[in-house]
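Written out below as structure tokens is the structure these notes cover.
The values are calculated or read from the model by the stated rules, or taken from the named source; none is laboratory data. All figures in this text were calculated on a predicted structure; none of them were measured in a lab. Heads up, the Cβs are rebuilt from the backbone with ideal geometry, glycines too, and the neighbour counts pull from every protein chain shown. Each accessible area value is taken on the protein alone, full model and side chains, heavy atoms only, with ligands, DNA and RNA left out. Shrake-Rupley method; radii C 1.70, N 1.55, O 1.52, S 1.80 Å.
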Amino acid sequence: MWNVSFDIIGFLIGLLAWGTIGYIAYRIYTKQSEKPRLWKIVVVIIVGLFSFSINWTMFDTVLEISILPLGVWILYVGLKGKEGRWQTYRRFAWLGFWANFIFLATALFSMPIYNAIYPDTKASTYISSVKNASIVTIHPSAIEMVLNKETVVNQLDEFERSRILNEVWYEETYINADSNKRNERFPYLLIDAKPKWGSGTHSTIYIEEDGKGILISTKDKQYYFRANSSVLKGGDQSE
């Protein structure tokens, strides 16, 4: 069975893109009088993919837009001196370059689909199973607690996304607090929790000192969620 971190949407969209490229290559192949070997066609298409690109950010996703067909130029220089070679592989080389736009189009197509299935407004996207999960303390101010797995499961759909108040939290923790009595706002780390299957998400999850807030850090962003009941038990918050 696939790992829960497997990106099923990206995988299927990738198959769609390569399937489209393969179909176009087949159509080109059938219309040519000279039939090059399959492995050479694959190499030419892959080399044709190389291009000078610019980055464009859309919905927090960095997309590459190809501008100059570097791979096509390389193939032209390498094949033009061989009789008939460039004419045989020219359309495959350009297919490699235009394949960049096929990947771009499929990436844009996948965004709303992914966001509909794995919304970043839902804590359940990042925490789907806590069967093997536990918490570890990461700050001396933390009280010895354990994870209340039943409460987590019951509240997954009730966690509400809230604003991250970095400046306010910093002032409360480091400016307004006595250095001898300073507490960490997120002194617990949630480990071995599983994200929603197929989401492909990798995140670090911190639990707030009152057990009602969670801070989720991905490679690109942070998300803060609040619930009505603490997901911790033991110490002063035991049930």
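Estimated from the Cβ-Cβ distance and a Förster radius of 30 angstrom, the FRET efficiency linking residue 6 and residue 67 is about 0.40.
The residues of the chain present an accessible area of 61 Å² per residue when probed at 1.4 Å with all protein chains retained. According to the calculation over all Cα-Cα pairs in region 15-147, the P(r) per 5 Å bin from zero is 2, 9, 14, 14, 12, 9, 8, 7, 6, 6, 5, 4, 3, 2, 1, 0 %. Listed by chain and number, the lysines whose alpha-carbon sits under 29 Å from that of residue 31, ignoring those within fewer than 8 places in the same chain, are 40, 80, 82. On C-alpha positions alone, give me the angle between the axis of helix 85-117 and the longest principal axis of the chain, in degrees, nearest 10. The angle comes out near 20 degrees.
In a fully extended conformation the segment linking residue 57 and residue 184 would gain 42.3 nm over its present Cα-Cα distance, using 0.36 nm per residue.
Heavy-atom accessible surface of residue 145, to the nearest 10 Å², is about 20 Å², with a 1.4 Å probe and all protein chains retained. When the solvent-accessible area of the chain is split by element, carbon and sulfur atoms take up 56 percent of it, the probe being 1.4 Å. Along the chain, the exposed loop sites are chymotrypsin sites (Phe, Trp or Tyr not before Pro) outside DSSP states H, G, I, E and B with at most 11 other Cβ atoms within 10 Å, and the longest stretch free of them is 60-239. Measuring spread by the Cα atoms of the chain yields a radius of gyration and Dmax of 25.8, 83 Å. Computed over every Cα-Cα pair of region 6-77 and binned at 5 Å starting from 0, the pair-distance distribution P(r) comes out as 3, 13, 14, 21, 22, 14, 8, 4, 1, 0 percent. For residue 38 and residue 157, a Förster radius of 45 Å and the Cβ-Cβ distance give a FRET efficiency of 0.35, rounded to the nearest 0.05. To the nearest 10, the accessible area of residue 54 is 80 Å² with a 1.4 Å probe.
Its convex hull of Cα atoms gives region 52-125 a direction-averaged projected area, equal to a quarter of the hull surface, of 6.1 nm².
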